């Protein structure tokens, strides 16, 4: 089934994934991770994209972001590639594309799925066997949300602020929430949405969204449309 055209809604959270071409490594040492994060900070500020959560993994990355306009997210990702890809190619003596096609994205229903998506992103290293726990992995936003360190890249979302009235309350609540592992079904729903480019939310969220943007945002049903049989004349 073909992917739907990319849907970007200003000031709404979007889950973004970008993979290395043929799942090749896109980060090989600490210098690479730091370089990418530096360009991500600059691009997010330039194109007014709020970064709420992220994880950088050896062969792909996830972001949870809210762009301030329809163009900003694409401009940010293009700008990062313009700087990071030449840096990586020159450093490792390679040429050509680094990414596996264009980045993929899923519009997120913040009320229902924001916190789940944030945890999904930050616990990727644990699921992949790269870290024993999310707090020990250095290339994600978990340490910021758990109060282990401050990360200037992160703009906390309203859903995170709603966890408590003080930083300590929010951090403690997030840690408690994070200890409740996502189920296999929850992970599958998030995976499928971002890989297919579908919005992630309740049925009402999806229906309201489709009515708002006046275009298809949901996958078409398989098979031909049902036709009512013609009436036979008496």
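Helix content alone sets the calculated 222 nm mean residue ellipticity of the chain: runs of n ≥ 4 DSSP H residues at -39500 (n - 2.57) each, divided across all residues, give -13000 deg cm²/dmol. If the Kirkwood radius is taken over C-alpha pairs of the stretch 26-84, then at 37 °C and 0.692 mPa s the Stokes-Einstein diffusion coefficient equals 282 µm²/s. Relative to the globular-protein estimate of 2.2 N^0.38 Å, the Cα radius of gyration of the chain stands at 1.13. The fraction of all Cα pairs in the stretch 68-176 landing in successive 10 Å bins from 0 to the largest distance is 12, 32, 37, 17, 3, 0, given as whole percents.
Using the Cβ-Cβ distance between residue 185 and residue 83 with R0 set to 45 Å, the FRET efficiency from 1/(1 + (r/R0)^6) comes to roughly 0.70.
Springs between alpha-carbon pairs under 10 angstrom, Gaussian network model over the chain: which of 16, 51, 126 fluctuates most? Result: 126 has the largest fluctuation of those listed. Multiplying the residue separation of residue 130 and residue 161 by 0.36 nm and removing their Cα-Cα distance gives an extension gain of 8.3 nm.
Fully extending the segment from residue 102 to residue 175 would add 23.0 nm, taking 0.36 nm per residue of separation and subtracting the current Cα-Cα distance. As a length-normalised measure over Cα pairs under 8 Å and 6 or more apart, the relative contact order of the chain settles at 24 percent. Measuring between their Cα centroids, the stretch 148-189 and the stretch 37-106 lie 23 Å from each other.
Every number in this text was worked out from the coordinates using simple rules, so none of it is lab data. Everything numeric here is computed off the predicted structure, so don't read it as measured data. No Cβ is skipped: glycine too gets one built from the backbone with ideal geometry, and neighbour counts run over all protein chains shown.
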